Amino acid sequence: MKTHWLGYALVTTLLWGVWGAFAGRPVQNGFPETLVYVVWALTMIPPALFALARIDWRVRRDGPAIAHGLAIGLLGAGGQMILFHAVKEGPTYLIFPLISLSPVITIALSYAFLRERTGAMGVAGIVLALCALPLFDYAPEQGGVAYGWWFVLALGVLVAWGLQAYFIKRANAIMDAESIFFYMAVSALAFIPVALLMTDFSQPINYGLDGPWLAAITQVLNAVGALTLVYAFRHGKALVVSPLVNAGAPLLTTIISVAMAATLPNGFKLAGIGLSLAAALFLALQPDEPSAA
């Protein structure tokens with residue numbers, strides 16, 4: 001039913017939109033991004049326990065379920081590890097707009113292999129969302145940019161997160177959403193040692209309330225949003241859910257950030273806001289249609 005997927009998608013958009021507006025605060029306060037990852041992985045535990053309780057702690061442990069679950073988790077967490085290296089090598093104002101196009105991978109794979117289809121309004125919404133995504137983080141600077149290793153890493157993140165969303169949808173056809181999220185949480189926790197090894201503990205680290213504790217508060221929103229996203233993919237089409245969430249969350253983040261700063265966004269963000277609003281409207285109003293046989 002449409003109300004199911006749309007409701008879960010909107011909850012994810014709300015949670016990730018608020019999370020995005022405050023996610024950078026702990027880093028600005030002196031808490032490293034790698035340790036923010038550790039906090040995020042730990043915040044995956046409560047929603048995972050909630051999900052497991054819903055299925056009486058019976059996790060799917062057959063071969064296909066384990067393969068899909070770990071692929072989803074490793075693509076998500078592994079993409080985050082690659083992103084850490086990418087932002088050290090290259091400009092974030094180009095990296096984040098690039099990886100924001102990951103729904104292109106999801107849409108293409110869902111169209112080709114899952115035979116997902118949508119109507120004219122849905123197609124218009126998808127196109128508008130893909131046009132809007134890069135605009136939220138795009139902030140061109142003077143001078144040229146050398147395209148090097150950071151560009152390859154950013155493409156790797158784009159592919160990893162696009163594949164992850166596709167496999168979430170695919171996995172929902174063979175296993176319950178709760179087991180999918182369990183494997184996502186396990187994979188996130190498995191990368192904690194890597195994040196710790198990447199942390200420069202010789203530098204001053206803020207362990208106060210506005211460091212790890214603020215990170216925990218914001219990352220809980222991220223973790224719960226990941227769970228509701230799995231449910232959204234379960235009930236809705238990936239080629240619609242992915243662009244809706246990926247365009248809607250930055251839209252809300254931008255609105256909150258602009259309201260807090262009491263300043264007008266630049267032209268790129270204004271264009272992104274307008275395109276995202278139109279995309280969300282088209283995607284929400286598009287009647288559900290059955291997938292091709």
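The values are calculated or read from the model by the stated rules, or taken from the named source; none is laboratory data. Computed from a predicted model, the values in this text were never measured in an experiment. With ideal geometry, Cβ positions are generated from the backbone for all residues, glycine too; neighbour counts draw on all protein chains shown. We work out accessible area using only protein heavy atoms, side chains counted, and drop any ligands, DNA or RNA first. Shrake-Rupley method; radii C 1.70, N 1.55, O 1.52, S 1.80 Å.
Specify which residue in the list Y231, L83, T254 is farthest towards the positive end of the charge dipole of the chain, using unit charges on the beta carbon of Lys, Arg (+1) and Asp, Glu (-1), about the Cα centre.
Of the options given, the answer is Y231.
If a paramagnetic tag sat 7 Å from the Cα of D56 along the Cα-Cβ line, which residues of the range 159-191 would have the backbone N under 12 Å from that point?
Within reach of a label on D56, which here means backbone N under 12 Å from a point 7 Å along Cα→Cβ, the range 159-191 contributes nothing.
Compute, for the chain, the length of the dipole vector about the Cα centre, with Cβ point charges of +1 (Lys, Arg) and -1 (Asp, Glu) only. Units Debye, rounded to 20.
That gives the chain a dipole magnitude of about 560 debye.
Computed FRET efficiency, Cβ-Cβ of I66 and A112, R0 25 Å: what is it to the nearest 0.05?
Approximately 0.50, to the nearest 0.05.
Find the lysine pairs in the chain meeting two conditions, Cα atoms under 29 Å apart and a separation of 8 or more places or different chains, and report how many there are.
5
Using a 1.4 Å probe on the protein chains only, how many percent of the accessible area of the chain belongs to carbon and sulfur?
71 percent
With the other protein chains left in place, how much accessible area per residue, in square angstrom, belongs to the chain at a 1.4 angstrom probe?
Result: 46 Å² per residue.
To the nearest 0.05, how large is the calculated FRET efficiency for D200 and T92 if R₀ is 25 Å and r is the Cβ-Cβ distance?
Given R0 = 25 Å and the Cβ-Cβ separation, E is 0.85.
Would you indicate which of (i) 1, 5, 9, 14, 15, 14, 12, 10, 7, 5, 3, 2, 1, 1, 1, 1, 0, 0, 0, 0; (ii) 1, 6, 11, 16, 19, 18, 15, 9, 4, 1, 0, 0; (iii) 1, 5, 10, 11, 10, 8, 5, 4, 4, 6, 7, 7, 7, 6, 4, 3, 1, 0, 0 is the value of P(r) over Cα pairs in 5 Å bins from 0, in percent derived from the coordinates of this structure?
Correct label, based on the coordinates given: (ii).
State the dimensionless ratio Rg/Rh of the range 183-264 (Rg: radius of gyration of Cα atoms; Rh: Kirkwood radius).
Result: Rg/Rh = 1.06.
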